[in-house]
Structure formats: structure tokens, C-alpha cells
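Following: one structure in C-alpha cells, then a few remarks.
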Amino acid sequence: MTASPSRPHLFADVLGRVHAVCRTLAAEGVLGASVDLSRVVVEPPRDASHGDMATNAAMVLAKDAKAKPRDLAEAIAARLRLDGLIVRAEVAGPGFINLTLANSAWLDALRAVLDAGDGYGRSAVGAAEKVNVEYVSANPTGPMHVGHCRGAVFGDALASLLKFAGYDVTREYYINDAGAQVDVLARSAFLRYREALGEAIGDIPEGLYPGDYLKPVGDALAREHGAALLDKPEAEWLPLVRSRAIAMMMDEIRRDLAALNVRHDVFFSERSLIEGHDQVGATIAQLQAKGDIYEGRLPPPKGAPVEDYEDREQTLFRATVFGDDVDRPLKKSDGSYTYFASDIAYHKTKFDRGFHNMVDVWGADHGGYIKRVQAAIAAVTAGKGALDVKIVQLVRLLRNGEPVKMSKRSGDFVTLREVVDEVGADAVRFMMLFRKNDALLDFDLAKVIEQSKDNAVFYVQYGHARGHSIFRNARETVPDLPEDDAARVAALRGANLTRLDDAAELGLMRHLALYPRIVEAAALSHEPHRVAFYLYDLASEFHALWTKGRDLPHLRFIIPNDAELTVARLALVQGVVSVLASGLAVLGVHAPVEMR
């Protein structure tokens, strides 16, 4: 069953109540007549002992009200205390207001989960805005390695998160098939072609790709061309070999990504920017017409040896006008375009395709490139396009704390496929997201398959499976409990939730109420790791309540002589199961109903 939430989630509801109080105070002259509520937020307090929620309303409105924040906070709190949902409103520190809600709020939050089904947490915050998420975009010169893996998972999860939050998302891969590296690929493949024809090639020369992964390309070329390419000059065979090698490498990359459940809607070729209609030249001409390009000389780079610096007239983009540190060259000394020039044209195509909101996922070595691309987008879109670049840091692959040796097949790195084949896509995806994208990640192949609380993916998936185990065991007490998921949820909507009054049960409901806010905050900040963190915390609370019931029988989920209480607790379990399944789906991880 899929349902769209018909009412605002609890945090949005309370924020609406705070806004209503502020508007009332504005009408009474306590606040300015045109009060700006855009910066007022309601969020969980840093310390849970301070209450259920906190608002900064007095802090951000005091200046316009020409009042002391604490005095204004007292006025707002006094009105909030009249609200039946709020049992306590206390002013703290310089003017924060801590709110404690009635228990009925948490029962309603659980009802909202049961009512919305797998639509719970789904948001309209994106307002169907088109957003382009570009990720992976690895050079098609070999198989995916474990470093690519993190960017692939991050980008894919971010795209799913944005879609869940109401954005119109396109997932894109930029194929770097026009640079010098693909000519090196072609020469490497040609060597393997000669090998496939029976020639002894010896050691792979320095500067070519040494991995065995190019042997199938050589075999394919031998089958298709026989020995015909041997007599051709490089200028003739190189385009043929390059095209075949790129096509086969991209097929392998697609298979690697599919093994990780990563998909793209668009594969955009860099070469398409210059073949046929020269879009790079057209973009440069457009910038030139606006006065954003000039012919000039750049000062020597700081710290660079003089002999490495080429002092010549160049075609330069006025990047400094748009926030970059220096102006940037668009053409090389041989007249060909720089990679940056192609990047400007490429991002312009995104804007021309209707994407004013763009997200690029880049590797750790591209951090210095951000300002210039953002400057270029500001120039070619007249400030209407926005680019958020998310950097994914390096992954250190370990096994029981020891670095993993390189792959024989690839020649000098561990392939993505090797990692997925060993530990499974679920473990790879979840653990790649269980750390902020710009922090270094230690990925231990042994740890991610342990069945323990220390293994986050196991602990979250086990929470979902444990919920289904409770359903199976409950049928002795509640024999008419449906096995079908949708029917079971429908049946549990009639539970008498007022029977749920233990502090741990209410705490679990508080956590369920937080999920829609987590989704929106994670989507707006482009941080899917927030969902992974939340799921681990929710699973931990659920497991803790199960353990508490083992020690205190009256708190068990199944009470044989009290079907009404059992059904109420099963409704709580259903709430947890539904949210765990929803969050795992956003992250692209399976939610198993049974684990062995």
C-alpha cells in the first residue's frame, strides 16, 4: 500500500502552532506588523531532558520586535501553554523555548505511520523541482574500483532521497570519452589486440594500462578485424580501437553499477560536445559576447617552479568576477579546449535541459575545482543555475584491520565488483552511507558481515526482521492477525494505542515522529547519511525495548492473556517496521523479513 501523508508531520504541526502564536502577537503589536517567520524553526533539543522540541522564535524575532529575547520568549511561551498539545513551555538560556508535548501527540504520530503506510515520511518539500544529480562519472578506462563505489552509493542514495522528498530527479553519468586518457586506453587495448593475434607483448610499457581487464577488448578486436589493423597507421586504427574499448568499458561499468543496485537515467558523452555541433565553441562565443572572456596572461602559480610556467597569451574566462580565485584558461597551446572549457559547456547543457538545481558528486582530489565550475555556471546561466558539489572522501579497504592487497585483474587497485561479491550490495551501500561523505572511511570486509550491534547494517536489518518475527509469534495470541503486509497494517489501525504508556514505548513513538523531519532535513542539506544514522538509532531503541521485555515480562510485545495490549504493541512494532523499511528503501538497502 502506498499513501501520501494527508496531514503535516508532527514537527511541521508544532511549527505551525508557533507561527500562529507569533502572528497573533504581531496583530497585537508585540511583534512588527510584517513579521518574518522564515527563520523560525522547531527542532529536537540538544539535551533530551529539556523536553520534546525547542524553538528559536524569540531569538530570531527579538531584533525586529525591539525586545529582549527572553522577554519575547516569555510572551510566546505563555501563549503556547494555552495549546492543548503542549503541556509545558519553558524559556531557557538567552531565549530558547523548550516544549514538552502531551502523550497524545506521540500516539497520533504512531497513527500517522499506520495511516500513511509506506508513504510516511514522504514529503512535498521539493515541490516537483527538477534536479540533476551527476555521480560516478568515472573515466571509462577500466573497471570500477572501491573509491568509485562510495561516490556511486552516495549519489544514488541522494537521488532516491530527493525523489522521496518531492523533487523531480534525473540521475546522470558524464562519460569522459574525449580526453588524452581514452587515447591511452586505445593504445593499451591495441597492445592486447596484438597479443590476441599471437604476438608476445612482454611487459606492459610504462604509461599504458596494465590490467588484464583489457584482454577481452583485444580478443573482440581480433575477432572483428582479424590482422587488418596491424597494417594501418595509428591515426586510422586509434579511433576504431578507442570507440570499441570505450563501449566495452562502459558495458562493464554498467554491470558493476548494477551489482551495487546503482542506476542512471542519462549517460552523457563528453565527445558529443565537440563532434558535430561544437557546443564548447558555442559556449565560449556566448561568454565572449557577454565580455566574460578575454585574451591575456596569467601570473605564475604560487609555489610553482618557473620552468613549469607557460607565459603566453591565452583565452581566459573571467572566473574572478564570479567568485573564483584566478581567471581560467579555456584553450591549450595547441588550440584544443581545456577540460574546464568542456565542463562549462556540459553544465550549460544541464541548464538548457531545464535543470536550474544541479548536484555533482566528486572525488576527494577535485575539491580545488569547485569554485571555478560554480563561477562558470553563474556566468552561463546569468545566476539562475545553482551547483552543489558533494565531495566523497577516500575509502580505506581493510580486512580485520589490515589493508587489503591489490587486485590481480585490475593491476593496481581493488575492484568494486570484488567487494560487492564478497560482502553483498546491502553491506556496501549501508556502510558507505554510515559516515558523512566528506570524512575518510575505513571499510573492513570482516566487520561488515559480523552479526553484532557493532555492525550497523546487520543491526538495522535485524530490527526489521525481528519485527516480522514478532508478528509470526503473535498469531497464537492474535490468531486473526493477517500475514499480508497491507492487510496487517489495516487491521492494526484499530488498536487501542492508549494502552501504550511505558516511557520506552513513548520514546520509540517519539523517534518515529522524527522520521519525516529527518527526511526533509537530509534532502535539503544533500546528506543521506542522516537517514542511515537515524535508522541505526531507531533500531537500537527497538532492540532495547525488546531486551527490556525479556527482563520485565509485563513489557513484552506479546502478552498471552491480554490481546488488546498485544495488538497495541504490535501496532508499535508495525510503526518501527514500516519506518525501517522506508528508510532502507531510500538508501537502496533491502529490508529482510527473516535473517539466518
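The values are calculated or read from the model by the stated rules, or taken from the named source; none is laboratory data. Not measured: the values here are computed from a predicted model. Backbone-built Cβ (ideal geometry, glycine too); neighbour counts: all protein chains shown.
Applying a threshold of 9 Å to beta carbon distances and a minimum spacing of six or more residues, or different chains, the list of pairs starting in the range 228-257 at a residue that is closer than 23 Å to V420 by Cα and ending at one that is surrounded by fewer than 19 Cβ atoms within 10 Å (Cβ to Cβ) and of a type in the set (F, W, Y) reads M250/F267; R254/F267.
Anything in the range 512-561 that is in a loop (DSSP other than H, G, I, E, B), under 23 Å from the mean Cα position of the chain (by Cα) and farther than 22 Å from F458 by Cα? List them, or say none. Across the range 512-561, the qualifying residue is only H526. Restricting attention to the range 521-555 and to residues that are free of Cβ contacts under 8 Å to residues at least 12 places away in the same chain and either of a type in the set (S, T, N, Q) or surrounded by 15 or more Cβ atoms within 10 Å (Cβ to Cβ) (or both), the residue that is nearest to A495 (Cα to Cα) turns out to be G549. Applying the set (1) more than 25 Å from A386 (Cα to Cα); (2) in contact (Cβ under 8 Å) with a residue 12 or more places away in the chain; (3) of a type outside the set (F, W, Y) to H264 leaves exactly one unmet item: (1).
Candidates are the residues of the range 472-489 that are surrounded by 14 or more Cβ atoms within 10 Å (Cβ to Cβ) and under 32 Å from the mean Cα position of the chain (by Cα); the one that is nearest to A116 (Cα to Cα) is V489. Being closer than 30 Å to K63 by Cα, out of contact with any Pro (no Cβ under 6 Å at 6 or more places or on another chain) and outside the structural domain of A521 (by TED's automatic domain parsing) is not true of A109.
Contact annotation: residue pairs with Cβ atoms under 9 Å, 6 or more positions apart or on different chains, pairing a residue in the range 26-43 that is more than 14 Å from N56 (Cα to Cα) with a partner that is modelled with pLDDT under 95 and surrounded by fewer than 10 Cβ atoms within 10 Å (Cβ to Cβ), are A26/A33; A26/S34; A27/A33; G32/K66. Within the option set G166, G211, G155, G179, being over 25 Å from D343 (Cβ atoms) and touching a Phe, Trp or Tyr at 6+ places or on another chain (Cβ under 9 Å) holds for one residue only, G211. Would you say V579 is more than 22 Å from A159 (Cβ to Cβ) and buried (at least 22 other Cβ atoms within 10 Å of the Cβ)? Considered against the rule, which asks whether it is more than 22 Å from A159 (Cβ to Cβ) and buried (at least 22 other Cβ atoms within 10 Å of the Cβ), V579 comes out as no. Applying the condition of being among the hydrophobic types (A, V, I, L, M, F, W, C) and either in a loop (DSSP other than H, G, I, E, B) or touching a residue at least 12 places away in the same chain (Cβ under 8 Å) (or both) to the range 501-511 and asking which residue is nearest to L110 (Cα to Cα) yields M509. Scanning the range 167-198 for residues that are free of Cβ contacts under 8 Å to residues at least 60 places away in the same chain and in a loop (DSSP other than H, G, I, E, B), we see that the one that is nearest to the chain's Cα centre (by Cα) is L197.
Residues that are within 14 Å of H19 (Cβ to Cβ) and touching a Phe, Trp or Tyr at 6+ places or on another chain (Cβ under 9 Å) within the range 58-81 comprise just one, A58.
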